[in-house]
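Asks: My questions all concern the structure below.
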Amino acid sequence: MNRRALRILLPLFAIAPWLAATRCVTTQGPPREGVALVEVAPGELARDVVDGWIARTERARGLAFVRAPLVAIVDAGDPALAALRDAAAVPLVRSSGMVFTEPLANAAVDLARDRVVAARPPAETEILVALAHLLDAQRYPHLVQTAARAPGDVGVALRALLAASALSTANGGLGPAPEEPPADPFAAPRIAAETPDAGTLFPEVPVLAAQGFLRALGDREDAFRAPPLSTEQILRVARWRAGDRPVRLAGPPPVVPGCTLARDASFGVWAQVRALLGRGGDAPSRVFAAWRGDRALAWRCAGDATAWIYVLELDDEASARAFAASGDALLPSEWAPAQHAGRRGRRAW
(Lines give C-alpha, C1' and ligand atoms only; values in the text may rest on other atoms or scores of the structure.)
Protein backbone atom coordinates (compact mmCIF):
# COMPACT_ATOMS: atom_id res chain seq x y z
CA MET A 1 0.00 0.00 0.00
CA ASN A 2 1.41 3.43 -0.85
CA ARG A 3 1.80 6.08 1.81
CA ARG A 4 -0.98 8.27 0.40
CA ALA A 5 -3.53 5.47 0.58
CA LEU A 6 -2.34 4.65 4.10
CA ARG A 7 -2.86 8.25 5.22
CA ILE A 8 -6.40 8.11 3.84
CA LEU A 9 -7.32 4.79 5.43
CA LEU A 10 -5.83 5.31 8.88
CA PRO A 11 -8.51 7.84 9.97
CA LEU A 12 -11.12 5.23 9.14
CA PHE A 13 -9.78 2.78 11.70
CA ALA A 14 -10.67 5.24 14.44
CA ILE A 15 -14.35 5.33 13.51
CA ALA A 16 -15.10 1.63 13.99
CA PRO A 17 -17.32 2.55 16.99
CA TRP A 18 -19.48 4.61 14.60
CA LEU A 19 -20.08 1.49 12.53
CA ALA A 20 -21.45 -0.39 15.51
CA ALA A 21 -23.42 2.59 16.84
CA THR A 22 -25.21 3.51 13.59
CA ARG A 23 -28.89 2.98 14.25
CA CYS A 24 -31.40 1.01 12.15
CA VAL A 25 -34.58 2.63 10.86
CA THR A 26 -37.33 0.74 9.04
CA THR A 27 -37.72 1.99 5.48
CA GLN A 28 -41.09 3.16 4.23
CA GLY A 29 -42.48 2.61 0.75
CA PRO A 30 -44.27 5.20 -1.38
CA PRO A 31 -48.01 5.53 -0.68
CA ARG A 32 -50.61 4.45 -3.19
CA GLU A 33 -52.18 7.26 -5.21
CA GLY A 34 -55.69 7.14 -6.63
CA VAL A 35 -56.38 8.11 -10.25
CA ALA A 36 -59.44 8.85 -12.34
CA LEU A 37 -60.00 7.25 -15.73
CA VAL A 38 -60.50 9.29 -18.89
CA GLU A 39 -61.28 8.32 -22.45
CA VAL A 40 -58.34 6.94 -24.42
CA ALA A 41 -57.77 8.57 -27.81
CA PRO A 42 -55.64 7.39 -30.75
CA GLY A 43 -52.06 8.49 -31.24
CA GLU A 44 -50.09 9.64 -34.28
CA LEU A 45 -50.34 6.41 -36.30
CA ALA A 46 -53.37 4.95 -38.01
CA ARG A 47 -56.20 4.81 -35.52
CA ASP A 48 -56.77 1.06 -35.77
CA VAL A 49 -53.07 0.28 -35.22
CA VAL A 50 -52.74 2.45 -32.10
CA ASP A 51 -56.13 1.38 -30.76
CA GLY A 52 -55.03 -2.24 -31.14
CA TRP A 53 -51.83 -1.65 -29.18
CA ILE A 54 -53.72 0.24 -26.48
CA ALA A 55 -56.38 -2.46 -26.16
CA ARG A 56 -53.76 -5.22 -25.95
CA THR A 57 -51.85 -3.31 -23.27
CA GLU A 58 -54.92 -2.59 -21.16
CA ARG A 59 -56.22 -6.15 -21.48
CA ALA A 60 -52.88 -7.71 -20.50
CA ARG A 61 -52.37 -5.27 -17.60
CA GLY A 62 -55.94 -5.30 -16.34
CA LEU A 63 -55.95 -1.51 -16.07
CA ALA A 64 -56.92 1.38 -18.36
CA PHE A 65 -54.84 4.39 -19.35
CA VAL A 66 -55.55 7.56 -17.41
CA ARG A 67 -54.71 9.91 -20.29
CA ALA A 68 -54.67 9.33 -24.00
CA PRO A 69 -51.35 7.73 -25.05
CA LEU A 70 -49.68 8.88 -28.25
CA VAL A 71 -47.19 7.03 -30.43
CA ALA A 72 -44.74 9.17 -32.41
CA ILE A 73 -42.68 7.58 -35.18
CA VAL A 74 -39.35 9.29 -35.94
CA ASP A 75 -36.27 8.55 -38.01
CA ALA A 76 -33.88 6.07 -36.40
CA GLY A 77 -31.24 8.75 -35.88
CA ASP A 78 -33.61 11.31 -34.39
CA PRO A 79 -31.87 12.93 -31.38
CA ALA A 80 -35.17 13.12 -29.48
CA LEU A 81 -35.34 9.33 -29.32
CA ALA A 82 -31.74 9.02 -28.15
CA ALA A 83 -32.24 11.74 -25.53
CA LEU A 84 -35.33 10.05 -24.10
CA ARG A 85 -33.62 6.67 -24.06
CA ASP A 86 -30.51 8.05 -22.33
CA ALA A 87 -32.55 9.96 -19.74
CA ALA A 88 -34.85 7.04 -18.86
CA ALA A 89 -34.72 6.32 -15.14
CA VAL A 90 -36.25 2.86 -15.56
CA PRO A 91 -34.18 0.71 -17.97
CA LEU A 92 -36.90 -1.00 -20.04
CA VAL A 93 -36.09 -4.31 -21.70
CA ARG A 94 -37.62 -6.72 -24.16
CA SER A 95 -37.37 -10.50 -24.26
CA SER A 96 -34.37 -12.04 -25.97
CA GLY A 97 -34.60 -15.82 -26.04
CA MET A 98 -36.15 -17.91 -23.28
CA VAL A 99 -34.46 -16.45 -20.21
CA PHE A 100 -32.67 -13.30 -21.35
CA THR A 101 -33.54 -9.69 -21.94
CA GLU A 102 -31.96 -6.79 -23.80
CA PRO A 103 -32.53 -3.01 -23.53
CA LEU A 104 -34.99 -1.29 -25.83
CA ALA A 105 -33.09 0.12 -28.80
CA ASN A 106 -35.85 1.64 -30.94
CA ALA A 107 -38.47 2.94 -28.52
CA ALA A 108 -38.59 5.18 -25.46
CA VAL A 109 -41.22 6.65 -23.15
CA ASP A 110 -41.88 10.38 -22.88
CA LEU A 111 -43.69 10.51 -19.54
CA ALA A 112 -44.05 14.28 -19.57
CA ARG A 113 -46.11 14.14 -22.80
CA ASP A 114 -47.83 10.78 -22.30
CA ARG A 115 -46.36 9.32 -25.45
CA VAL A 116 -44.10 6.65 -26.83
CA VAL A 117 -41.43 7.65 -29.35
CA ALA A 118 -40.30 4.88 -31.69
CA ALA A 119 -37.90 4.65 -34.60
CA ARG A 120 -39.08 3.97 -38.13
CA PRO A 121 -40.02 1.25 -39.03
CA PRO A 122 -41.93 0.76 -35.77
CA ALA A 123 -41.02 -2.34 -33.76
CA GLU A 124 -44.27 -3.54 -32.21
CA THR A 125 -42.58 -5.55 -29.45
CA GLU A 126 -40.70 -2.49 -28.16
CA ILE A 127 -43.69 -0.18 -28.49
CA LEU A 128 -45.80 -2.55 -26.41
CA VAL A 129 -43.18 -2.55 -23.62
CA ALA A 130 -43.07 1.26 -23.69
CA LEU A 131 -46.87 1.56 -23.65
CA ALA A 132 -47.05 -0.84 -20.72
CA HIS A 133 -44.59 1.27 -18.73
CA LEU A 134 -46.51 4.44 -19.61
CA LEU A 135 -49.69 2.83 -18.27
CA ASP A 136 -48.02 1.95 -14.95
CA ALA A 137 -46.55 5.45 -14.76
CA GLN A 138 -49.99 7.00 -15.19
CA ARG A 139 -51.60 4.75 -12.59
CA TYR A 140 -48.78 4.87 -10.04
CA PRO A 141 -46.97 8.16 -10.69
CA HIS A 142 -45.51 8.49 -7.19
CA LEU A 143 -44.00 5.01 -7.37
CA VAL A 144 -42.37 5.78 -10.72
CA GLN A 145 -41.02 9.10 -9.42
CA THR A 146 -39.62 7.38 -6.33
CA ALA A 147 -38.01 4.65 -8.46
CA ALA A 148 -36.34 7.31 -10.59
CA ARG A 149 -34.60 9.01 -7.69
CA ALA A 150 -34.19 6.26 -5.09
CA PRO A 151 -30.49 5.50 -4.49
CA GLY A 152 -28.85 2.16 -3.90
CA ASP A 153 -30.59 -1.15 -3.47
CA VAL A 154 -34.10 0.21 -3.04
CA GLY A 155 -33.80 2.00 -6.40
CA VAL A 156 -32.59 -1.20 -8.09
CA ALA A 157 -35.57 -3.09 -6.64
CA LEU A 158 -38.19 -0.53 -7.66
CA ARG A 159 -36.81 -0.08 -11.17
CA ALA A 160 -36.66 -3.85 -11.65
CA LEU A 161 -40.27 -4.13 -10.51
CA LEU A 162 -41.43 -1.52 -13.06
CA ALA A 163 -39.37 -2.98 -15.91
CA ALA A 164 -40.65 -6.48 -15.10
CA SER A 165 -44.25 -5.27 -15.05
CA ALA A 166 -43.86 -3.62 -18.47
CA LEU A 167 -42.18 -6.69 -19.95
CA SER A 168 -44.86 -9.01 -18.59
CA THR A 169 -47.66 -6.81 -19.93
CA ALA A 170 -46.05 -6.61 -23.36
CA ASN A 171 -45.79 -10.42 -23.38
CA GLY A 172 -49.53 -10.75 -22.78
CA GLY A 173 -49.69 -10.77 -18.99
CA LEU A 174 -48.23 -12.61 -16.03
CA GLY A 175 -50.35 -15.71 -16.38
CA PRO A 176 -51.70 -17.68 -13.40
CA ALA A 177 -49.83 -17.76 -10.12
CA PRO A 178 -47.79 -20.95 -9.67
CA GLU A 179 -49.33 -23.67 -7.52
CA GLU A 180 -46.08 -24.09 -5.60
CA PRO A 181 -44.27 -21.19 -3.91
CA PRO A 182 -41.13 -20.04 -5.73
CA ALA A 183 -37.93 -21.77 -4.72
CA ASP A 184 -35.60 -19.92 -2.39
CA PRO A 185 -32.48 -19.10 -4.44
CA PHE A 186 -30.43 -19.30 -1.24
CA ALA A 187 -31.64 -22.73 -0.16
CA ALA A 188 -28.34 -24.41 -1.09
CA PRO A 189 -25.52 -24.22 1.47
CA ARG A 190 -23.36 -22.05 -0.77
CA ILE A 191 -23.75 -19.76 -3.77
CA ALA A 192 -21.04 -20.19 -6.40
CA ALA A 193 -20.40 -19.14 -9.99
CA GLU A 194 -20.66 -22.76 -11.11
CA THR A 195 -24.09 -23.20 -9.45
CA PRO A 196 -26.50 -24.56 -12.12
CA ASP A 197 -28.55 -21.77 -13.69
CA ALA A 198 -26.65 -19.12 -11.70
CA GLY A 199 -26.75 -16.83 -14.73
CA THR A 200 -30.51 -17.08 -15.06
CA LEU A 201 -31.22 -16.79 -11.34
CA PHE A 202 -29.28 -13.55 -11.25
CA PRO A 203 -29.32 -11.91 -14.70
CA GLU A 204 -27.33 -8.76 -15.36
CA VAL A 205 -30.47 -6.71 -14.70
CA PRO A 206 -32.72 -8.42 -12.11
CA VAL A 207 -35.89 -8.01 -14.20
CA LEU A 208 -36.50 -11.73 -14.60
CA ALA A 209 -36.31 -12.19 -10.83
CA ALA A 210 -38.86 -9.38 -10.46
CA GLN A 211 -41.12 -11.12 -12.98
CA GLY A 212 -41.01 -14.23 -10.83
CA PHE A 213 -41.82 -12.07 -7.80
CA LEU A 214 -44.89 -10.60 -9.52
CA ARG A 215 -46.08 -13.96 -10.80
CA ALA A 216 -45.89 -15.46 -7.32
CA LEU A 217 -48.24 -12.80 -5.92
CA GLY A 218 -51.30 -13.65 -7.96
CA ASP A 219 -52.41 -9.99 -7.78
CA ARG A 220 -49.77 -7.71 -9.26
CA GLU A 221 -51.36 -4.65 -7.63
CA ASP A 222 -50.19 -5.87 -4.22
CA ALA A 223 -46.63 -5.14 -5.31
CA PHE A 224 -47.60 -1.66 -6.47
CA ARG A 225 -49.49 -0.85 -3.27
CA ALA A 226 -46.63 -2.04 -1.05
CA PRO A 227 -43.53 -2.29 -3.29
CA PRO A 228 -40.51 -4.44 -2.43
CA LEU A 229 -37.85 -2.18 -0.99
CA SER A 230 -34.83 -4.41 -1.47
CA THR A 231 -33.52 -6.88 -4.01
CA GLU A 232 -33.55 -9.43 -1.19
CA GLN A 233 -37.35 -9.13 -1.08
CA ILE A 234 -37.57 -9.60 -4.86
CA LEU A 235 -35.41 -12.70 -4.73
CA ARG A 236 -37.24 -14.07 -1.69
CA VAL A 237 -40.93 -13.21 -1.93
CA ALA A 238 -41.62 -14.93 1.41
CA ARG A 239 -39.70 -12.15 3.20
CA TRP A 240 -41.88 -9.55 1.47
CA ARG A 241 -45.07 -11.44 2.31
CA ALA A 242 -44.05 -11.65 5.95
CA GLY A 243 -43.79 -7.87 6.10
CA ASP A 244 -40.11 -8.14 6.99
CA ARG A 245 -39.02 -4.65 5.99
CA PRO A 246 -35.36 -3.92 5.27
CA VAL A 247 -33.63 -1.59 7.68
CA ARG A 248 -31.85 1.63 6.84
CA LEU A 249 -28.58 2.21 8.65
CA ALA A 250 -29.18 5.82 9.59
CA GLY A 251 -27.06 8.54 11.10
CA PRO A 252 -24.67 11.23 9.84
CA PRO A 253 -21.59 9.84 8.10
CA PRO A 254 -18.22 10.38 9.75
CA VAL A 255 -15.98 13.18 8.55
CA VAL A 256 -12.81 12.08 6.77
CA PRO A 257 -10.27 14.94 6.76
CA GLY A 258 -9.40 16.18 3.28
CA CYS A 259 -12.13 14.12 1.59
CA THR A 260 -15.58 14.72 0.17
CA LEU A 261 -18.40 12.21 0.56
CA ALA A 262 -19.16 10.81 -2.92
CA ARG A 263 -21.56 7.94 -2.14
CA ASP A 264 -23.97 7.07 0.64
CA ALA A 265 -26.29 4.23 -0.36
CA SER A 266 -27.01 0.53 0.01
CA PHE A 267 -25.38 -2.22 -2.06
CA GLY A 268 -28.03 -4.83 -1.30
CA VAL A 269 -28.18 -8.56 -1.93
CA TRP A 270 -28.24 -8.28 -5.71
CA ALA A 271 -24.98 -6.30 -5.81
CA GLN A 272 -23.34 -8.82 -3.48
CA VAL A 273 -24.37 -11.78 -5.64
CA ARG A 274 -23.28 -10.03 -8.84
CA ALA A 275 -19.87 -9.26 -7.31
CA LEU A 276 -19.47 -12.86 -6.15
CA LEU A 277 -20.39 -14.39 -9.50
CA GLY A 278 -18.27 -11.85 -11.38
CA ARG A 279 -15.23 -12.97 -9.41
CA GLY A 280 -16.01 -16.65 -9.93
CA GLY A 281 -16.05 -17.15 -6.18
CA ASP A 282 -18.40 -18.71 -3.67
CA ALA A 283 -19.85 -17.79 -0.28
CA PRO A 284 -22.26 -19.23 2.30
CA SER A 285 -25.88 -18.73 1.29
CA ARG A 286 -26.73 -17.63 4.82
CA VAL A 287 -24.90 -14.34 4.21
CA PHE A 288 -27.47 -13.42 1.55
CA ALA A 289 -30.49 -14.99 3.25
CA ALA A 290 -29.75 -13.18 6.52
CA TRP A 291 -29.35 -9.72 4.94
CA ARG A 292 -31.37 -7.01 6.70
CA GLY A 293 -29.72 -3.81 5.50
CA ASP A 294 -26.37 -2.30 4.60
CA ARG A 295 -24.68 1.00 3.95
CA ALA A 296 -21.79 1.88 1.66
CA LEU A 297 -19.97 5.19 2.02
CA ALA A 298 -17.18 6.38 -0.26
CA TRP A 299 -15.08 9.52 -0.15
CA ARG A 300 -13.17 11.25 -2.93
CA CYS A 301 -9.90 12.65 -1.65
CA ALA A 302 -7.05 14.75 -2.90
CA GLY A 303 -4.80 13.31 -5.58
CA ASP A 304 -7.48 10.89 -6.85
CA ALA A 305 -7.23 8.89 -3.63
CA THR A 306 -10.36 7.27 -2.24
CA ALA A 307 -11.58 5.95 1.08
CA TRP A 308 -14.63 3.84 1.87
CA ILE A 309 -16.60 1.99 4.52
CA TYR A 310 -19.13 -0.81 4.14
CA VAL A 311 -21.30 -1.97 7.05
CA LEU A 312 -23.86 -4.79 6.98
CA GLU A 313 -26.71 -5.73 9.34
CA LEU A 314 -27.65 -9.44 9.39
CA ASP A 315 -30.19 -11.64 11.15
CA ASP A 316 -27.75 -13.30 13.53
CA GLU A 317 -24.15 -13.39 14.70
CA ALA A 318 -23.30 -16.59 12.81
CA SER A 319 -24.19 -14.91 9.51
CA ALA A 320 -22.12 -11.87 10.46
CA ARG A 321 -19.15 -14.15 11.08
CA ALA A 322 -19.71 -15.81 7.69
CA PHE A 323 -19.68 -12.43 5.99
CA ALA A 324 -16.53 -11.35 7.80
CA ALA A 325 -14.82 -14.47 6.45
CA SER A 326 -15.68 -13.71 2.81
CA GLY A 327 -16.57 -10.02 2.74
CA ASP A 328 -14.09 -8.97 0.04
CA ALA A 329 -15.67 -11.38 -2.46
CA LEU A 330 -19.08 -9.72 -1.95
CA LEU A 331 -18.02 -6.15 -2.72
CA PRO A 332 -18.08 -4.62 -6.23
CA SER A 333 -14.74 -4.97 -8.01
CA GLU A 334 -14.19 -1.21 -8.18
CA TRP A 335 -13.92 -1.12 -4.40
CA ALA A 336 -10.47 -1.93 -3.05
CA PRO A 337 -9.95 -4.95 -0.76
CA ALA A 338 -10.83 -4.19 2.84
CA GLN A 339 -7.99 -2.76 4.91
CA HIS A 340 -9.86 -3.24 8.19
CA ALA A 341 -12.66 -5.64 9.10
CA GLY A 342 -14.64 -6.09 12.25
CA ARG A 343 -17.81 -7.53 13.70
CA ARG A 344 -20.00 -6.74 16.67
CA GLY A 345 -23.07 -8.88 17.24
CA ARG A 346 -25.16 -9.06 14.05
CA ARG A 347 -23.22 -6.26 12.39
CA ALA A 348 -20.10 -6.70 10.25
CA TRP A 349 -17.85 -4.23 8.39
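The values are calculated or read from the model by the stated rules, or taken from the named source; none is laboratory data. All values reported here derive from a predicted model rather than from experimental measurement. Cβ: placed from backbone, ideal geometry, glycine included. Neighbour counts: every protein chain shown. Keep in mind that these areas ignore ligands, DNA and RNA; they rest on the heavy atoms of the full protein, side chains included. Shrake-Rupley method; radii C 1.70, N 1.55, O 1.52, S 1.80 Å.
Asks: What is the extension gain from Ala242 to Glu179, computed as 0.36 nm multiplied by their sequence separation minus the C-alpha to C-alpha distance, in nm to one decimal?
Replies: 20.8 nm
Asks: Would you list Ser266, Ser230 from the most to the least accessible area, probe 1.4 Å?
Replies: Most to least solvent-accessible, the answer reads Ser266, Ser230.
Asks: What does the accessible area per residue of the stretch 97-158 come to in Å², with a 1.4 Å probe and no ligands, DNA or RNA counted?
Replies: Averaged over the residues of the stretch 97-158, the accessible area is 39 Å².
Asks: Alpha carbon centre of the stretch 87-144 versus the stretch 235-270: separation in Å?
Replies: 29 Å
Asks: Residues with beta-carbon under 14 Å from that of Glu232, excluding Glu232: net charge, scoring Lys, Arg +1 and Asp, Glu -1?
Replies: +2
Asks: In percent, how large is the relative contact order of the stretch 86-134, given Cα pairs closer than 8 Å and 6 or more residues apart?
Replies: Reported as a whole number, the value is 32 percent.
Asks: Roughly how many nanometres apart are two label points built 7 Å out from the Cα toward the Cβ at Val74 and Arg300?
Replies: With each label placed 7 Å out from Cα toward Cβ, I get 3.0 nm.
Asks: Of the heavy-atom accessible surface of the stretch 286-349 (probe 1.4 angstrom), what whole percent is carbon and sulfur?
Replies: 46 percent
Asks: How much length, in nm to one decimal, is gained on full extension between Glu334 and Arg225, taken as 0.36 nm per residue of separation minus their Cα-Cα distance?
Replies: 35.7 nm
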